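The values are calculated or read from the model by the stated rules, or taken from the named source; none is laboratory data. Since this is a predicted model, take the numbers as computed values, not measurements. Cβ coordinates were reconstructed from backbone atoms using ideal geometry, including for glycine residues, and neighbour counts include every protein chain displayed.
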Amino acid sequence: MLLEAGHELLVFDDFSNSSPIALDRVRELAGPAAAPRLQQMQGDIRNPKDLEQAFTKAPSGIDAVIHFAGLKAVGESVQHPMHYWDVNVNGSRCLLEAMQTHGCHTLVFSSSASLYGYPEAVPIPETAPIAPINPYGHTKAAVEQMLSDLHASSPDSWRIDCLRYFNPVGAHPSGRIGENPLGIPNNLYPFVSQVAVGRKSQLQVFGGDWPTSDGTGVRDYIHVMDLADGHLAALDCLLAEEPQLLTLNLGSGQGQSVLEMVQAMEAASGCSIPYAITDRRPGDAAISVADPSKAAQRLGWRTQRGLKEICRDGWAWQQQNPDGYT
Ligand code: UDP
């Protein structure tokens, strides 16, 4: 989408949880005219030398950073909290220092709805208390605090968006790029699609006695294409307006249960998805749904795609790439 909008890009990635083949496919989708505007470099955000190389690689400098570099598996964060603090928090600190050194003060940061913990009320507005319940959420809250402190130190310079994602799912509609979690997926959506394609035999539904319409957990699933649209809108807003720190939920405002997701994927794939209801997963909330009205008001952005499109596009990806990028 950034290439389509005419931007020049440098993707900086350590490829620890991703594949350079995805970038080849982005070039292929963008077409030969746009593809040369995408450069890539392998590096680690915790390594100032790698960052220095990135900031000096672009001939005309770097105007803005969209900071996705982080670890995002809640269970893994409980087992390896120091690694999460190192990559997510220390990595962000190193990146911000490099940005300061190079006079780049525009940043879009991938934050997370996980920092709301067990929400007091739904839909959740941005003003809800920050009360994460796992190390992953703590690292996102810590980076938001770091960004707030940094912005306060120089409010006339910094343009920062913290985008609090709800549950991003789906894939590019071409089926060429999508999510390929390493090992056993922790999250519902990749698990459901792996059962549909036959990579896993059965879904475990974590709890059938939640206080929801069908007893299963409810989340706000957002198509990755809507999420990408939100980033573009956020970047445009930052570049057009006065320096600011803007914190926004990116979600649809609609909640869907685990069983609704199963049914939508069965309809999209034509495959049956066997499931068994098991115990609740420790640390889960019953319902998490965004109040997306601030993003609508500030960016003119709202989601355009629902569960049907999410499953249609995610299924195209899963079916065409049953083993991911390998
Ligand atoms: N879930 C489930 N089985 C799974 C994975 C998740 O029943 O194998 C449920 C989970 O309890 C929650 C919903 O699906 O109600 C979304 O979970 P996910 O991990 O995808 O997102 P998060 O809980 O982080 O919002």
Determine if the range 78-91 includes at least one residue that is buried (at least 16 other Cβ atoms within 10 Å of the Cβ), of a type in the set (Gly, Ala, Ser) and outside any helix (DSSP H, G or I). no
It is to be established whether one or more residues within the range 129-142 are buried (at least 17 other Cβ atoms within 10 Å of the Cβ), in contact (Cβ under 8 Å) with a residue 24 or more places away in the chain, within 12 Å of the ligand (Cβ to nearest atom) and aromatic (Phe, Trp, Tyr). yes
Give the residue that is nearest to the ligand (Cβ to nearest atom), with candidates limited to residues of the range 182-210 that are touching a residue at least 24 places away in the same chain (Cβ under 8 Å), part of a loop (DSSP other than H, G, I, E, B) and within 27 Å of Ala228 (Cβ to Cβ). Asn186
Which numbered condition in (1) away from the ligand (no atom under 12 Å from the Cβ); (2) under 19 Å from Leu115 (Cβ atoms); (3) in a helix (DSSP H, G or I) is the only one that Arg164 fails? (3)
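For every residue, the table says whether it meets (1) more than 20 Å from the chain's Cα centre (by Cα); (2) at pLDDT 95 or above.
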{"site": "Cys162", "(1), (2)": "no, yes"}
{"site": "Phe166", "(1), (2)": "no, yes"}
{"site": "Pro181", "(1), (2)": "no, no"}
{"site": "Pro190", "(1), (2)": "no, no"}
{"site": "Arg199", "(1), (2)": "yes, no"}
{"site": "Thr212", "(1), (2)": "yes, yes"}
{"site": "Met225", "(1), (2)": "no, yes"}
{"site": "Gly230", "(1), (2)": "no, yes"}
Output the residue which, of all residues in the range 272-317 that are hydrophobic (A, V, I, L, M, F, W, C) and surrounded by fewer than 17 Cβ atoms within 10 Å (Cβ to Cβ), is nearest to Phe166 (Cα to Cα). Ala296
Looking at the range 213-237, which of the residues that are assigned to a loop (DSSP other than H, G, I, E, B) and within 9 Å of the ligand (Cβ to nearest atom) is farthest from Asp161 (Cα to Cα)? Thr216
Residue that is surrounded by the fewest Cβ atoms within 10 Å (Cβ to Cβ) [pool: residues in the range 167-181 that are within 16 Å of the ligand (Cβ to nearest atom) and in a loop (DSSP other than H, G, I, E, B)]: Pro181
Applying the selection to the range 270-307, what residues are of a type in the set (S, T, N, Q), closer than 30 Å to Ala233 by Cα and within 16 Å of the ligand (Cβ to nearest atom)? Ser288
Could you list, ordered by first residue, the pairs with Cβ atoms under 8 Å in which the first is in the range 62-83 and among the basic types (Lys, Arg) and the second is not in a loop (DSSP other than H, G, I, E, B), at least 6 apart or interchain? Lys72/Ser112; Lys72/Tyr136
